[in-house]
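Below: one structure, written as structure tokens.
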Amino acid sequence: MKLLIAISLCLAGCGALSTKQQRRFPDDFLFGTATASYQIEGGWNADDKGENIWDHMTHTKPHVIKDQSNGDIAADTYHNYKRDVEMMRELGLDAYRFSLSWSRILPDGFSNRVSQAGVTFYNNYIDEMLKYGITPMVTIYHWDLPQKLQELGGFANPLFPDWFEDYARVVFEHFGDRVKHWITFNEPREICYEGYDITKKAPQLNATGVGVYLCAKSLVLAHAKAYHAYRNDFAPSQGGQCGITISVNWFGANSDSEEDQLAAELFRQGQWGLYAEPIFSEQGGFPKELSERVAQKSLEQGYPRSRMPEFTDEERAFVRGAADFFGVNHYTGQLVSPGGDFIVPSLSDDIGATSFAPDDWPVAASSWLIQAPDSMLNALTHLKEKYNSPAFYITENGWSSPPDSGLVDDDRIRYYRAALESALDSLDAGVNLKGYMAWSLMDNFEWMEGYTERFGLYQVDFEDPARSRTPRKSAFVYKQIVKSRVIDHEYEPDSMTMTIDEGH
């Protein structure tokens, strides 16, 4: 009899387990979308706004942009911010992550002159969100440095951390009574490696093997200065949090061999460890293995000292632990093996490894954006173990399509559902993940690719002077996930007409 009961229970249990249990995001999990100032705002010279490095580069060297376009108008959020917030309401968002334009607030880059028009624009934007219960998550710097500061050396100037702290204090003073989630920098790798080491981003310094390391140290010191200013002088009365966002795509070893494992670790250190290790590790400073590799190669190449600057003991202690949360921009994953043919000196040569993806992994309109299995789970659990389980937000995650792809974007829906399943897997694995921001609310200027790639839940008509916005199918699917807190893989929207759910 006991055997029969056991068999019956097993059959019932096996039937229940054969269907994947529907999992739910916590009620306090923040669902939102993300954008960046230069990519959406337009109004490049409106009122007294100063010139930034993207204004300067696209105007003086338009050929470096794939379609020779620029962000002069972009989605024209400067004049359409109320429509932006209406879209957030249509989606039922809990939060919205956007960035401030340094040169819109401080036209000369320095804090001696604050633009009232710039402050008013952001006040209006923030207040419009708060009117409808949408939490603003504000990035202080998303790649658009004032051109006047760049001409003084930008991130390579040893005074840069002071300039950034001055700017951060201005924004804390003006907006901190309402903004409780601050991000100092967006994607240090893209700032330092792509802007200072090579030419994939403004200011295109191409200072290979040197620029990335000077920039990295300056950036993390600037972050720490802004963080401590906030914790000491603003958080006690304003009650918010301050962190940093780092792009953490997953780079796994191609095999279990010791050579492949070391190559993958060095690759991860070069991609994000340069910026995460000084802030989140117990020992602080730059990553140990990569530091040793750069020092050795520098001497072999005839340099009198390492191309990678060191942190003093005081600097190391000042930066270590300077974050209330770890913002993760996650899009993709690849496999890593040692070897490759690189410019000498360069970060790539210092790492000495290459990344690649299997042919059967789906690729977006962006050649670098590949849908890799479990990549978010792998990245977050790695960071959790490495850095003693900090609080995380996914501050960007998304999928690009061609400009003529239309409103039915099933490939984007497939990607979002897989990514959010990976987020749930991360929660199940004990990762302290507190929110998810989809990239992006709307189509925008996609940096060096101009308008040839589209990431928006909303399609923007860039031929329309009004820059009209229309929801894609993915917007309806994301709305359903935000509302239900569940990923329903069978859900299909009844119509493609977006309305605002009253009561949100």
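The values are calculated or read from the model by the stated rules, or taken from the named source; none is laboratory data. Computed from a prediction, not measured in an experiment: that's the story for all the values here. With ideal geometry, Cβ positions are generated from the backbone for all residues, glycine too; neighbour counts draw on all protein chains shown. We work out accessible area using only protein heavy atoms, side chains counted, and drop any ligands, DNA or RNA first. Shrake-Rupley method; radii C 1.70, N 1.55, O 1.52, S 1.80 Å.
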Show me the GluC sites (Glu not before Pro) within the range 68-169 that DSSP assigns to loop and that have at most 15 other Cβ atoms within 10 Å of their Cβ. Glu151
What's the local net charge at Phe342, with K and R +1, D and E -1, over the other residues with C-beta under 10 Å away? -3
Restricting the count to DSSP beta bridges whose residues both fall in the chain, what percent are antiparallel, rounded to a multiple of 5? 25
Fraction of antiparallel bridges per DSSP, the range 346-504 only, in percent to nearest 5: 60
Alpha carbon centroid spacing (whole Å) that separates the range 373-425 from the range 474-504: 18
Shape call, the range 28-181: gyration tensor on alpha carbons, a/c limit 1.5: oblate
Could you tell me which of Gln459, Pro136, Gln301 has its Cα farthest along the dipole of the chain towards the positive end, charges placed at Cβ (Lys, Arg +1; Asp, Glu -1), taken about the Cα centre? Pro136
Sorted by chain and then number, the residues having a modelled amide H within less than 5 Å of the amide H of Gly333, at least 5 places away or on another chain, are Trp250, Ile370, Ala372
Give the cross-link partners of Lys201 among the lysines, using a straight C-alpha distance below 27 Å as the criterion and excluding same-chain residues fewer than 8 apart. Lys49, Lys61, Lys66, Lys148, Lys217, Lys225, Lys297
Over the range 113-271, with a single point scatterer placed on each C-alpha, what log10 of the ratio I(q)/I(0) does the Debye formula yield at q = 0.09, 0.15, 0.16, 0.18 1/Å? -0.37, -0.88, -0.97, -1.12
I'd like to verify something in the chain: which complete DSSP H helices, judged by Cα projection on the helix axis, reach 30 Å or more and average at least -0.5 on the Kyte-Doolittle scale? 211-233
Relative contact order of the range 60-118: what whole-number percent is it, with Cα pairs under 8 angstrom and at least 6 residues apart? 15
The chain accessible area per residue, 1.4 Å probe, protein heavy atoms, integer Å², reads 39
With an 8 Å cut-off on Cα pairs and a minimum separation of 6 or more residues, tell me the relative contact order of the chain in percent. 17
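Quick check: from the Cα gyration tensor, does the range 236-394 come out rounded (a/c under 1.5), prolate or oblate?
Taking the square roots of the gyration eigenvalues as a ≥ b ≥ c, the range 236-394 is oblate.
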Charges on Cβ only, +1 for Lys and Arg, -1 for Asp and Glu, centred on the Cα centroid of the chain; of Ala74, Asn123, Met448, which one is farthest towards the dipole's positive end? Asn123
Amide H of Met442: which non-local residues (sequence gap of 5 or more, or other chain) have their own amide H closer than 5 Å, using H built in the peptide plane? Leu457, Tyr458
Please name which of Cys242, His489, Leu106 has its Cα lying farthest along the dipole of the chain towards the positive end, using unit charges on Cβ (Lys, Arg +1; Asp, Glu -1) and the Cα centre as origin. Cys242
Heavy-atom accessible area of the range 211-356 with neighbours in place, 1.4 angstrom probe: carbon+sulfur share in percent works out to 47
Principal axis dimensions, the chain - Cα atoms, whole angstrom, descending: 81, 56, 48
